[in-house]
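I am attaching a structure below and will ask some questions about it afterwards.
The values are calculated or read from the model by the stated rules, or taken from the named source; none is laboratory data. Note that the structure is a prediction, hence the values are computed from the model and not measured. Cβ atoms come from the backbone with ideal geometry, glycine included; neighbour counts cover every protein chain shown. The area values use the complete protein model at the heavy-atom level, side chains included, leaving out ligands, DNA and RNA. Shrake-Rupley method; radii C 1.70, N 1.55, O 1.52, S 1.80 Å.
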Amino acid sequence: MYFCIFSATIIPMDLFSNFEAIDNASKRIAELTALIDRYNHEYYMNDQSLVSDFEFDRLLRELQDLERQYPHLASPNSPTKRVGGEVSKAFRQVKHRFPMLSLGNTYSIEEIEEFESRTRKLLGDTPFSYTCELKYDGVAIGLTYRHGELVQAVTRGNGAVGDDITANARTVATIPLRLRGSFPDDFEARGEVVFPFNEFEAFNRQREADGDEPFANPRNAASGSLKLLDSGECAKRKLQFCMYFMMLPEDNNPALAHHAPDPQLSTHFGRLEAARQMGFKVQPYIKECNNISEIRQFIDYWDNERWNLPFGIDGIVIKVNQVALWDRLGLTAKSPRWAIAYKFKAQQVSTPLESVSFQVGRTGIVTPVANMKPVWLGGTTVRRATLVNADFIEKMDIHYGDWLLVEKGGEIIPKVVGVDLSKRQPGSQPVAYITNCPECGARLVRAEGEAGHYCPNQDNCPPQIIGRLEHFVSRKAMNIDSLGSERLELLYRRGLVHSVADLYDLRREQLIGLETYDETGQRKTSIQEKGADNIISAIEKSKDVPFERLLFALGIRFVGEVGARKLALHFNNMDNLMRASLDELASVDDVGEKTAAVIYDYLRDPRHQQLISRLQGYGLQFQVNSDNYQMSNELDGKSFVVSGVFSRFSRDEIKAHIQQHGGKVVSAISGKTDYLLAGEKMGPEKLKKAEKLGVPIISEDQYMEMIKS
Ligand code: IVH
């Protein structure tokens, strides 16, 4: 063995070459990081692609490999963290260093005028200006940077305490992980995480295809994304961060004020400009205004133009520009006196109703839809809007030919909110609700006490048959993912599948060569041998899907995922469920009398009994798995204290649920407790104790996320 002598230390030669390898790796990691950071910055901030996707992926993979080989060299802010990968069990609650205040807001321009004149009066002769900027409609977060590195990202929470979402924030491409140029050594960047419209639409479409409920609006989707426990999932969502505020430690501590000599940082406008240089995405739509008329102009401009932005805004924020004046103006109970938000009113237009059509869903429910003269509203052309049900039409007193008032608020979906009676044609007739199903002609039924009509012809009404099949194969039900809507419709139209049980009779020879067509009649795809094999094997695999999901897959009205699970746990098997009385059904948590009656009737219908017996014959799971129903080992070794009231479970159910996933339930909090699972109205003593001992407190939603992963 050779030795290399360094001053007084003797190092074995192979160790020396190891040092060299580490040194090389460290240099290469630094090179790759700088290169990828630059490419990312140009791509996300300046819309410029400096390399091919192929080359970019190659560099990223090289960096990932090196980090895997030398984990101690991997920085928490490496660009590889953009793709996520960290899966946490819960979010740590973090106290904000500086409280995240909210803003006083108003819909009235007069109140903005009052704000402006009050501010002017309070500041007397001091020269000052305002900044006007967009009020982003997303989720507020605070990012702490130290020595130019992102160290923590926290949601606003209640303003005093928020969730630590650092791993998820790192996946947001427009959040810089390392700053460029010069920057304060310690500061917080605040802003809003938004879900751009186009990404949101694509994401919701995918959710629907997966059988998941679409999100109601981009804000909810952004908020849900930041609360995902798997940062890899968050990375897929293409969120954006719009920075709107820089908070320096000296802002809250006059004793440190002399430490901020940089004149650029003495105005809000200058701070945002400086932030842009550091690599933040700061929207260019910010204007320095000197008086109320300039402020009004800005507001009016964006009230019209807002729909042309790629993301949602819900107003304009006006701030006093000079940071030194903020202290002088002070705070009210929860918001600063140096800023105010003007909120836009929902946009409304009126447009003539051209016709009313009626759509039939999978459970036979009929939904009336207004077809209107296309009208431009809030950035899109609106042609159709739901008329909800017969009661809605009656309440609004909608007549044929009426001009409907359509509104679009922060939401994407336009709503009919009234009728412009001044334009009603004399002698026009009220919209008549149909009496027969537009798809199969059956006479519609309206059950007593229910607002909606439905088509009872479940066996021969095509949208109901296809809808049931779609629901049955969807991800949360039987998860037969090789059968999409198009293929199901094809199987139905070719007479191969009518009931969900027919799926289990399908043979591969029947599938091979089946063709789908597009709207123009052009042949699109035909099922090949491999495709047929995939379909058959996915159907076969679905025979192992647990009873609770099968129960959900049957598509009984009002029986959702949660209800199906509760019924399965309560009755244990299908025979017990079929024998259950109305009272017994209604006694199950969350199953009201109405749902109990629907389930009772469903199970007494000979057609359903025949379906169930066919499915039993194919070997599907009609019994809760009796290995004590161990559903996963997700919570292995973790102990929980459960307190309060929960929305999805009774207290006993949530305890059973924890055990079914391998966790342990204990009654008293100690330093060894892993989580306090907190429902509503939780006892304050438990809360205090958990806080004192540093036991993480998680909500029911956070618990569900833990299980999901
Ligand atoms: S400034 C102390 N600027 O609006 C001032 N807030 O109640 C801090 N928001 O949820 C806020 N766009 O997240 C500011 N350009 C903007 C904003 C903005 C959206 C949100 C903020 C908070 C709410 C204010």
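Figure the gain on full extension for Ala25 and Ala202 (residue separation times 0.36 nm, minus the Cα-Cα span) and round it to one decimal in nm.
Gain on extension, Ala25 to Ala202, equals 59.8 nm.
Which of the three applies to segment 582-642, rounded, prolate or oblate, going by the alpha-carbon gyration tensor with a ≥ b ≥ c and a/c under 1.5 meaning rounded?
Cα axes put segment 582-642 in the oblate bin.
First obtain the Kirkwood hydrodynamic radius of segment 663-709 from its Cα pairs, then insert it into the Stokes-Einstein equation at 20 °C and 1.002 mPa s, and state the resulting D in µm² per second as a whole number.
191
At a 1.4 Å probe radius, which order do Val194, Val139, Val388 fall into by accessible area, largest first?
Val388, Val139, Val194
Quick one: pull the percent of accessible area on segment 441-548 belonging to carbon and sulfur, 1.4 Å probe, ligands and nucleic acids left out.
43
Compare Ser182, Ser49 by solvent-accessible area with a 1.4 Å probe and give them largest first, with all protein chains kept in place.
Ser182, Ser49
For Lys408, list the lysines whose Cα falls under 29 Å from its own Cα; do not include residues on the same chain fewer than 8 positions away.
Lys135, Lys227, Lys236, Lys238, Lys281, Lys287, Lys319, Lys343, Lys345, Lys373, Lys395, Lys423
What is the magnitude of the charge dipole of the chain about its Cα centre, with +1 placed on the Cβ of each Lys and Arg, -1 on the Cβ of each Asp and Glu, and no other charges, expressed in debye to the nearest 20?
Around 620 debye, computed over the chain.
Please give the calculated 222 nm ellipticity per residue for the chain, where each DSSP H segment of at least 4 residues contributes -39500 (n - 2.57) and the sum is spread over every residue; nearest 500 deg cm²/dmol?
Estimated from H runs of four or more residues: -11000 deg cm²/dmol.
Which is farthest toward the positive dipole end of segment 658-709 among Gln660, Ala690, Tyr703, measuring Cα position about the Cα centre, with Cβ charges +1 (Lys, Arg) and -1 (Asp, Glu)?
Ranked along the dipole, the leading option is Ala690.
Starting from the Cα of Lys81, draw a straight line to each of the aspartates and glutamates and keep only those under 12 Å, dropping any in the same chain fewer than 8 residues away.
Asp37, Glu67
Separate question: Projecting each Cα onto the charge dipole of segment 67-172 (Lys/Arg +1, Asp/Glu -1 at the beta carbon, about the Cα centre), which of Thr119, His72, Ala167 comes out farthest on the positive side?
His72
Let me ask something additional. Could you state how much accessible area Ser650 has, in square angstrom rounded to the nearest 10, with a 1.4 Å probe and all protein chains kept in place?
40
With angles folded into 0 to 90 degrees, how steeply does helix 529-541 sit against the dominant principal axis of the chain? Use alpha carbons for both and round to 10.
80
In debye to the nearest 20, how big a dipole does segment 463-503 give about its Cα centre with +1 on each Lys and Arg Cβ and -1 on each Asp and Glu Cβ?
Computed about the Cα centre, the dipole is about 40 debye.
Would you check the accessible area of Arg97, probe 1.4 Å, heavy atoms only, in square angstrom rounded to 10?
110
Something else about it: Of the options Ala597, Gln609, Ile539, report the single residue whose Cα projects farthest towards the positive end of the charge dipole of segment 530-618 (beta-carbon charges: Lys, Arg +1; Asp, Glu -1).
Comparing the listed Cα positions along the dipole, Ile539 ranks first.
Moving on to the next point. Contact order normalised by length for the chain, with contacts defined as Cα pairs under 8 Å and 6 or more residues apart; what percent is it?
So the answer I get is 9 percent.
Over segment 516-619, what is the mean sequence separation of C-alpha contacts under 8 Å (at least six apart), divided by residue count, expressed as relative contact order in percent?
After rounding, I find 19 percent.
Let me ask another. With Cβ to Cβ distances under 9 Å as the rule, what net charge do the other residues near Asp137 carry (K, R +1; D, E -1)?
Net charge around Asp137: 0.
Size of the dipole of segment 423-526 about the Cα centre, Lys and Arg at +1 and Asp and Glu at -1 on the beta carbon, nothing else charged, in debye to 20?
280
Return the equivalent ellipsoid semi-axes of the chain as a descending list in whole Å, where each equals the square root of 5 times an eigenvalue of the C-alpha gyration tensor.
Here the semi-axes work out to 49, 39, 27 Å.
Students often check this: by mean Cβ neighbours within 10 Å, which of 358-368, 199-209 ranks highest, and how do the rest follow?
358-368, 199-209
Could I ask something else about it? Counting only other residues whose beta carbon sits under 10 Å from that of Gln458, what net charge do I get with K and R as +1, D and E as -1?
Every neighbour counted, the sum reads +1.
Calculate what fraction, in whole %, of the accessible area of segment 154-242 sits on carbon and sulfur atoms when a 1.4 Å probe is rolled over the protein chains.
The value for segment 154-242 is 45 percent carbon and sulfur by accessible area.
Next up: When a/c reaches 1.5 or more, the comparison of a/b and b/c decides; with that in mind, is segment 377-486 rounded, prolate or oblate per its Cα gyration tensor?
Oblate is the answer for segment 377-486, as a/c is 1.5 or above yet b/c matches or exceeds a/b.
Counting only protein chains, not ligands or nucleic acids, how are Trp403, Trp307 ordered by accessible area (probe 1.4 Å), most first?
Highest to lowest solvent-accessible surface, that is Trp403, Trp307.
Another question about this same structure. So with the 1.4 Å probe, I'd like the accessible area per residue for the chain, rounded to whole Å².
Result: 50 Å² per residue.
Using 0.36 nm per residue, how much length does the chain from Asp391 to Ser129 gain when fully extended, once their Cα-Cα distance is taken away?
Extra length from Asp391 to Ser129 when fully extended: 89.0 nm.
What do you get for trypsin sites (Lys or Arg not before Pro) in segment 602-709 restricted to DSSP loop and a cutoff of at most 13 other Cβ within 10 Å of the site's Cβ?
Of the trypsin sites (Lys or Arg not before Pro), the ones in loops of segment 602-709 whose Cβ has at most 13 other Cβ atoms within 10 Å are Lys672, Lys681.
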